[in-house]
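*Asks:* Could you have a look at this structure, given as structure tokens, before my questions?
The values are calculated or read from the model by the stated rules, or taken from the named source; none is laboratory data. Everything numeric in this text was worked out from a predicted model, so none of it was measured. Virtual Cβ from ideal backbone geometry, glycine too; neighbours counted across all protein chains shown. Just the protein is used for accessible areas: all its heavy atoms, side chains included, with ligands, DNA and RNA removed. Shrake-Rupley method; radii C 1.70, N 1.55, O 1.52, S 1.80 Å.
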Amino acid sequence: EAGVAQSPRYKIIEKRQSVAFWCNPISGHATLYWYQQILGQGPKLLIQFQNNGVVDDSQLPKDRFSAERLKGVDSTLKIQPAKLEDSAVYLCASSLEGLTLHFGNGTRLTVT
Amino acid sequence: AQSVTQLGSHVSVSEGALVLLRCNYSSSVPPYLFWYVQYPNQGLQLLLKYTTGATLVKGINGFEAEFKKSETSFHLTKPSAHMSDAAEYFCVVSDMRDNDMRFGAGTRLTVKP
């Protein structure tokens, strides 16, 4: 089966600019997660979708981050405006049964 | 909300030695527990998981972990380390009600020849 697809792989932007990341989960996976992994730290859950509804976004900085999952399939994570501390790898994962996470390769964001 | 603490950000062992990576969790409800591994330049992948039933779970590549409710622990072990085990290991706790997956800070395992 095809894995979780993410794009772009790398992105460099200046602070105060906006950026968007895209994720296509494994077909049929109802649950989709976005994680932020800062260098040297474990992944931090930003938002969890069940189909196209939000289950948990308690750690999403809503003043600058937004995410949507239209039609319960693809998802987009946006940052506007970006700050230096947003430099990280943004990981998308999907799950069929809500137990095993299947991760994409991530998007490495550098904010200068 | 649930959380997980991994004791030791770096662990170094000799090839053939026992691997022990420590994980303690906090959860107000019975947890689901996982270990994920991230090999250099690769994505995260599941090593093993505990949901219900047998408290000793076996995973890929000879790893196993034991759920100890009384100690709120889920330590990862492997009897004999291989060079290929060098990686970052993450302990994960999930709330069975909504599958909210929370990662620990990770432990980097180095294997010396």
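*Asks:* Scan the range A:64-77 and tell me whether some residue there is touching a Lys or Arg at 6+ places or on another chain (Cβ under 6 Å), at pLDDT 90 or above and of a type outside the set (Ser, Thr, Tyr).
*Replies:* Checking the range A:64-77: not a single residue is touching a Lys or Arg at 6+ places or on another chain (Cβ under 6 Å), at pLDDT 90 or above and of a type outside the set (Ser, Thr, Tyr).
*Asks:* Sticking with this one: Which one is surrounded by the fewest Cβ atoms within 10 Å (Cβ to Cβ), of the residues in the range A:29-74 that are assigned to a strand (DSSP E or B) and either more than 14 Å from every other protein chain (Cβ to nearest Cβ) or at positive phi (or both)?
*Replies:* A:Glu68
*Asks:* Can I ask one more? If I ask for residues that are part of a strand (DSSP E or B) and at the interface with another protein chain (Cβ under 10 Å from one of its Cβ atoms), which ones from the range B:31-49 would you list?
*Replies:* B:Tyr32, B:Phe34, B:Tyr36, B:Gln38, B:Leu44, B:Gln45, B:Leu46, B:Lys49
*Asks:* Looking at the range A:75-86, can you tell me whether even one residue there is open to solvent by 60 Å² or more (accessible area, probe 1.4 Å), more than 11 Å from every other protein chain (Cβ to nearest Cβ) and touching a Ser or Thr at 6+ places or on another chain (Cβ under 7 Å)?
*Replies:* The answer is yes, given that some residue of the range A:75-86 is open to solvent by 60 Å² or more (accessible area, probe 1.4 Å), more than 11 Å from every other protein chain (Cβ to nearest Cβ) and touching a Ser or Thr at 6+ places or on another chain (Cβ under 7 Å).
*Asks:* Take B:Gly59 and decide whether it is within 14 Å of chain A (Cβ to nearest Cβ), modelled with pLDDT of 90 or more and open to solvent by 10 Å² or more (accessible area, probe 1.4 Å).
*Replies:* In short, yes.
*Asks:* Away from chain A (no Cβ under 14 Å), assigned to a loop (DSSP other than H, G, I, E, B) and crowded, with 19+ Cβ neighbours inside 10 Å: which single residue out of B:Ala81, B:Ala65 fits that description?
*Replies:* B:Ala81
*Asks:* Please work out if B:Glu88 is within 11 Å of another protein chain (Cβ to nearest Cβ) and assigned to a strand (DSSP E or B).
*Replies:* yes
*Asks:* Here is a further query. In the list B:Ser94, B:Ser84, which residue meets the criterion of being among the small types (Gly, Ala, Ser) and under 15 Å from the mean Cα position of the chain (by Cα)?
*Replies:* It is B:Ser94.
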